[in-house]
1. Please arrange Ser47, Ser65 by how many other C-beta atoms lie within 10 Å of their C-beta, fewest to most.
2. At a Förster radius of 30 Å, what calculated FRET efficiency corresponds to the Cβ-Cβ distance of Lys77 and Lys97, to the nearest 0.05?
3. By a straight-distance test (C-alpha under 26 Å), which lysines pair with Lys67 as possible cross-link partners, with residues fewer than eight away in the same chain excluded?
Amino acid sequence: MPDQITPNQPTTPNQPDLNELMKKAQEIQQKMKWAQTELASIHVTGSAGGDAIQITLNGHRKVLSVKIDDATLKESKEVMQDLITAAFNDAMDKIEKVAQEKMMKLAKDFGLPEDIK
């Protein structure tokens, strides 16, 4: 009768241990949860018109606040639209940079190349 194989025993010398794979998968899952929590806690503010318009986003790219300087309210509709668009785009660029830095750190922790997209 052939030897019985236990669940954590490799069937060939090159096959990884199933328990080790499960442990690594749980570790990755925990780090991904941490990364999501970390992103939610990040706040960035984009601005335009010398801070006349300020838009704050969190790491999930949700708008948290919009601030408009009183003097800016006297501007035309077109100017206001341009300033709001510029402030929002500024905030999006900033949050993208921060998120990318966090993901590169996480990739490094997993032993993946840092320039992975």
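1. Ser65, Ser47
2. 0.45
3. Lys67 reaches Lys77, Lys94, Lys97.
Values in this text are rule-based calculations from the coordinates and carry no lab data. Remember, predicted model here, so these are calculated numbers, not experimental data. Methodologically, a virtual Cβ is constructed for each residue, glycine included, from the backbone with ideal geometry; neighbour enumeration extends over all protein chains shown.
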